[in-house]
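Derivation of every value follows stated rules applied to the coordinates shown; laboratory data play no part. From a predicted model like this one, the values you see are computed outputs, not experimental measurements. A quick note on method: Cβ atoms are made from the backbone with ideal geometry, for glycine too, and the neighbour counts reach across all protein chains shown.
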Amino acid sequence: MIEFQHVSFAYEKDRPVLQDLSFRIEKGEAVGLIGANGAGKSTVMKLLLGLAEGEGRILVEGTEVRRDSLPVVRRKLGFVLQNSDNQMFMPTVYEDMLFGPLNYKLSREEADARVDAVLEKLHLEDLKHRYNHKISGGEKRMAAIATVLTMEPEAILMDEPTSALDPYNRRIVINTIRELEQTKLITSHDLDMILDTCDRVILLSEGCIAADGPAREILYDRMLLERNRMELPLSLMGRSD
Amino acid sequence: MNKMQRAIRELSEMDELAAGSSLIHALHPAAKLVTTVVYILVTLSFDKYDLGGLVPMLLWPVLLFQVSGIEVKACFYKLRIVLPLVMAVGLFNPFFDKAILLQLGGLPVSGGVISMLTLMLKGVFCLMASFLLMATTSIDSLCAALRKLHVPKLIVTLLLLTYRYVGVMTEELAVMTDAYHLRAPGQKGIHISAWGSFLGQLLLRSMDRAQELYSSMMLRGYCQEFYYADYRAFRLGDALYVPASSTAFFLLRTVRIAELLGSTIVR
Ligand SMILES: Nc1ncnc2c1ncn2[C@@H]1O[C@H](COP(=O)(O)OP(=O)(O)OP(=O)(O)O)[C@@H](O)[C@H]1O
Ligand SMILES: [Mg+2]
């Protein structure tokens, strides 16, 4: 449902960030996008959402991502930003969750029902009427995921969903991600989380795909990971193979 | 808490005030907006020497404070920065306008003093009315109301984004001043040599954040319409509120309450 065809991109001339990137993600797949700092992971997300324009073609369910198709494309994609502070802009969590559905012209009742269903699913009922500037970083992350889920997107993009979370909340986020039946594209340095949530991994290195395959192969490959400035997932450390 | 964080807190407290649940809060935002505009226009229309006529206009804000349960204290605390500015407007009148208008217990009072007081009161009344509007109406529903009154999308969006941008900017400023003071202990304020880079960074950082916020709005289907505000139909109560309060203002404007009172007492 997501396809990159020979995509290249640079923020500044002569400093390419992505070079001739091609891959394809099928409906329902859960894909982890990994790579060192500055490898271009967030940039891939930006291009996909049409927040930046590069060369090549990007398709979302057959629709090319172009300026005139953005409303159609964005409606299919839910994006959880790396920094939740920038994601939540309404006074309360509840209003923030309503924002998307109402923009998509759902009735107030339908939108309310969605909000309650999502809050229940994520066990966040307590957060509903809290003020965004008065909740902790982790709570805000959970709330940000909730705002995206109320839009019922067909694919969910998450940029570092577990950064800044304590182990308990991290576990909740991981379990939540596992339960989502949508197509998922997740970037993270938390390789254990990727191992837990994704079947497939794309490894980016200096704007190119260094590896693309089953999570159980790539994340177990110590040499490959170390060549690309990463380490084995903690849960696999100390295994002698 | 540094100064900036207090500023952020105050800004967000407006949101909290606006989330109250009094009769006034429950009114339709458009009704409140129109009424406030009418009040301000009527208040400004008083003659510059008509102090006695102007004073009774205070009744309306007092009534609103009562009904909405918002503390008068909160109003003056939040307006403490702008109030002196408004008060300063008429400060020079007594020097220009020295004609004696009336004697107060043998003390001559010049036209300048009267017009100064009138101007000050006009300013304070209008500020109070605007404060009450903001404190009983969330920024989003206010924007929705403006759209309902056919104010162009662009202007309304600008208003909303400015409101949010100010919040983002103060937040960034708070983080940056903290970071600065941690590495410049014992220093008051920010040294003048760092102002240039400090301001530049602030602008860039807050612009980046504002950009991300805006993207986040667009990614959730925002198209300069305000569906998400606590939207509801215009009810009979709202429809009555505007003419009822406007009539009250016009009565206050035309019937000289102070003189009536004065003449009955004298008689
Ligand atoms: N707005 C920008 N202007 C110029 N260069 C940028 C901009 N944003 C990112 N870059 C550069 O593009 C490259 C890729 O950035 P990107 O944010 O995609 O990396 P990332 O893989 O998400 O890294 P991280 O793991 O740190 O989040 C980096 O070298 C970065 O310096
Ligand atoms: Mg990133």
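Comparing A:G207, A:G35, A:G62 in a Gaussian network model of chain A where C-alpha atoms under 10 Å apart are linked, the largest mean-square fluctuation is found at A:G62. Springs join every pair of Cα atoms under 10 Å in this Gaussian network model of chain B, and among B:L127, B:L154, B:L173 the largest mean-square fluctuation is at B:L154.
Note that region B:139-232, at 10 °C in a medium of 1.306 mPa s, gets a Stokes-Einstein diffusion coefficient of 103 µm²/s from its Kirkwood radius over C-alpha pairs. In angstrom, the C-alpha Rg and Dmax of region A:156-241 are 13.0, 35.
By how many degrees, between 0 and 90 and to the nearest 10, does the Cα long axis of helix A:137-149 differ from the longest principal axis of chain A? It is inclined by approximately 80 degrees. Along the Cα-to-C-beta direction of B:Q201, a point sits 7 Å from the Cα; which residues of region B:163-185 have their amide N less than 15 Å from that point? Within reach of a label on B:Q201: B:171-185.
Based on every Cα atom in the protein assembly as shown, Rg and the maximum pairwise Cα distance Dmax equal 29.1, 108 Å. Across all directions, the average projected area of the convex hull around the alpha carbons of chain B is 19.9 nm². Ordering B:E212, A:E110 by the number of other Cβ atoms within 10 Å of each residue's own Cβ, fewest first, gives A:E110, B:E212. Suppose only helical runs count, i.e. DSSP H with n ≥ 4. What mean residue ellipticity at 222 nm does that imply for the protein assembly as shown under -39500 (n - 2.57) per run, divided by all residues and rounded to the nearest 500 deg cm²/dmol? Using -39500 (n - 2.57) per qualifying helix, the result is -16500 deg cm²/dmol. Overall, the anisotropy analysis places region A:64-201 in the oblate class: the square-rooted eigenvalues a ≥ b ≥ c of its C-alpha gyration tensor yield a/c not less than 1.5, with a/b not exceeding b/c. About its Cα centre, the dipole of chain B is roughly 220 debye, where the only charges are +1 on Lys and Arg Cβ and -1 on Asp and Glu Cβ. When chain B is treated as a Gaussian network with alpha carbon springs shorter than 10 Å, the biggest mean-square fluctuation among B:A179, B:A244, B:A74 belongs to B:A179. Among the trypsin sites (Lys or Arg not before Pro) found in region B:110-214, those both in a DSSP coil and sparsely packed, with 12 or fewer other Cβ atoms within 10 Å of their Cβ, are B:K188.
On the principal axes of its alpha-carbon atoms, chain A has extents of 51, 47, 31 Å, going from largest to smallest.
One decimal place: the segment B:L236-B:E13 gains 77.2 nm when fully extended, by the rule 0.36 nm per residue minus the C-alpha distance.
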